[in-house]
Structure formats: structure tokens, C-alpha cells
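Novice: Dropping a structure here in C-alpha cells format, bear with me for questions.
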Amino acid sequence: NRYSKYILFIICLLGISSIPSFCPSHWVPYGGNCYYLVRDKKMWRDALAACHREGGDLASIHNIEEQSFIISQTGYCKCAVNVLWIGLNDQRNQLLAVDYTNWKTGMPKLESCVDINSDSGKWSTNSCSRYRSYICKIPKGMFNQL
């Protein structure tokens, strides 16, 4: 049928239009989101501000697959990136309202900000004034605002 190519093309366009198909040049796509691992070390609030300047936020992790992806990003370099700031903190009681966690034994403690150890995958709370590498995320639905 001579129209089948056009119908297939339209179906593809409809499918693509509802799913973001790009990330900014230095970001990596995964699960409909974009991620950017920054190896420079910053305090939590400075890391958050840097992510905001890029159009994103510090990464939130919602399941083991997303966490595994984030950890995989640290392995592409032979540099000492083994602890990353993520977006979770207890400044507004966020630690109680999350859908996935992977706490190190004895955590969380009263420290305010959360980091992830890329060797173990475990999360810890630490002083927000510590210097860490960090990972930014642009969530689904934010692509068109860049």
C-alpha cells in the first residue's frame, strides 16, 4: 500500500512527540531524564546552584535502576569520584517523604545533606559544607523549558 509509509511516519512522529528525545550536549539520557556528572567538588548548596544554572537540579533517585545508572556514570573516568551529592536533604524533612532509599547501616543521621558512595551504592547523611562531586538531573517534562 502506498500510504503505509506515510502512516508509519505519522505513528513515529506521534510516539516521538510525547517522549523527550534530546539532552543538552554534555548531558546523558536515561529513562526520559537527562543527567550530568560533575567531577569538580562543591558544597551541597553550591552544587545545587550549579545544577540550577544548567537548567536542572541535583539528582533525585527513585529506584534501583536509576541508582545503578547514576553509579555507572562514575566509572567512565579513572579519577577519584566515589562520593556524589544527590538532591535529597533534611532541611525540609524530605528524608521522610521519598519513594526509594539505599541507606548505609546507621543512616540517616541528623546531618542535613545526602551523598551516595559510588563503590557501595549506599547513601549517607553528611554536613552540607563538605565538598563532593555531584550529579545533576533534568526531570521528565523539563526539556522544553531549556
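Novice: For segment 49-58, check the following and say yes or no: at least one residue is of a type in the set (A, V, I, L, M), at pLDDT 90 or above and surrounded by fewer than 14 Cβ atoms within 10 Å (Cβ to Cβ).
Specialist: Checked against the condition, which is being of a type in the set (A, V, I, L, M), at pLDDT 90 or above and surrounded by fewer than 14 Cβ atoms within 10 Å (Cβ to Cβ), segment 49-58 yields at least one hit.
Novice: Sticking with this one: Can you tell which of 78, 5, 41 is among the basic types (Lys, Arg), open to solvent by 80 Å² or more (accessible area, probe 1.4 Å), at pLDDT 90 or above and out of contact with any His (no Cβ under 8 Å at 6 or more places or on another chain)?
Specialist: After applying the criteria, what remains is 41.
Novice: Are there any pairs with C-beta distances below 7 angstrom linking a residue in segment 30-50 that is over 19 Å from residue 129 (Cβ atoms) to a residue that is assigned to a loop (DSSP other than H, G, I, E, B) and hydroxyl-bearing (Ser, Thr, Tyr), with the two at least 6 apart or on different chains, and if so which?
Specialist: none
Novice: Among 130, 92, which is the only one that is in a loop (DSSP other than H, G, I, E, B) and either crowded, with 21+ Cβ neighbours inside 10 Å or at pLDDT 80 or above (or both)?
Specialist: None of the other options fit; the residue is 130.
Novice: Take segment 59-73 and flag every residue that is of a type in the set (Val, Ile, Thr), open to solvent by less than 50 Å² (accessible area, probe 1.4 Å) and in a helix (DSSP H, G or I).
Specialist: Those that are of a type in the set (Val, Ile, Thr), open to solvent by less than 50 Å² (accessible area, probe 1.4 Å) and in a helix (DSSP H, G or I): 70, 71.
The values are calculated or read from the model by the stated rules, or taken from the named source; none is laboratory data. Bear in mind that the values here come from a model prediction, so they are computed numbers and not experimental data. No Cβ is skipped: glycine too gets one built from the backbone with ideal geometry, and neighbour counts run over all protein chains shown. All accessible areas refer to the heavy atoms of the entire protein, side chains included, with ligands and DNA or RNA removed. Shrake-Rupley method; radii C 1.70, N 1.55, O 1.52, S 1.80 Å.
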